[in-house]
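K.L.:
One structure follows; several queries about it will come next.
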Amino acid sequence: MKRCAPAVQWSMTETTPTQTPSAQSTPTETAQVLPGKLQEIVTLFRSAPKALRLQALLEYSKKLPPLPEKYAEHPEFMQPVPECASPFFLVTEAQGDGVAMYFKVPEEAPTVRGYAGILAEGLAGASREQILNIPDQFYMDMGLSELITPMRLRGMGAILMRLKNQVREETLS
């Protein structure tokens, strides 16, 4: 195991840093519980300069898959996330050991739509257990607090909480 320099440095292979930053989850701790694709996205954002992080978030807003016809025609089957400043709806469906998730977010809300795009891509193919084990504030490791308001960040936390609640309910059914 490689030793860290005096300043805290993180390696994907290390399990603990030589210095303990804060009580919140550390990038290494987060890496241990995030599904692979989501971890790649978090690492990409964390390593990118501020201007590129915003651009990447906006790109993910364009990548959000369209709703399946059954939800586009019947949005009442989707759960609202009232904690979001923008209208945000989500629904999950069991698919074997995994979960399909669908998000309805207006194009006029590109940052929140970008977060939905990150979840859609980063959690595609993830198991229920992997989704339930995602740290509640994993998105803070992405450096988004420098880009968006605290109110939007709270909305992101609410989205993940409701997503995990739906997955948990499906697991119990």
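The values are calculated or read from the model by the stated rules, or taken from the named source; none is laboratory data. Just so you know, these numbers come straight off a predicted model, no measurement behind them. In this analysis, Cβ positions are derived from the backbone assuming ideal geometry, glycine residues included, and neighbour counts consider all displayed protein chains.
K.L.:
Given the criteria surrounded by 15 or more Cβ atoms within 10 Å (Cβ to Cβ) and touching a residue at least 40 places away in the same chain (Cβ under 8 Å), does L144 qualify?
P.N.:
Here the answer is yes, as L144 does meet what is asked.
K.L.:
Any residue in segment 104-113 that is among the polar types (S, T, N, Q), under 18 Å from R46 (Cα atoms) and either in contact with a Ser or Thr (Cβ under 9 Å, 6 or more places away or on another chain) or modelled with pLDDT of 95 or more (or both)?
P.N.:
Within segment 104-113, one or more residues are among the polar types (S, T, N, Q), under 18 Å from R46 (Cα atoms) and either in contact with a Ser or Thr (Cβ under 9 Å, 6 or more places away or on another chain) or modelled with pLDDT of 95 or more (or both).
K.L.:
Taking only segment 86-108 into account, find how many residues are surrounded by 13 or more Cβ atoms within 10 Å (Cβ to Cβ), in a loop (DSSP other than H, G, I, E, B) and touching a residue at least 24 places away in the same chain (Cβ under 8 Å).
P.N.:
Going through segment 86-108 one residue at a time, the tally reaches 3.
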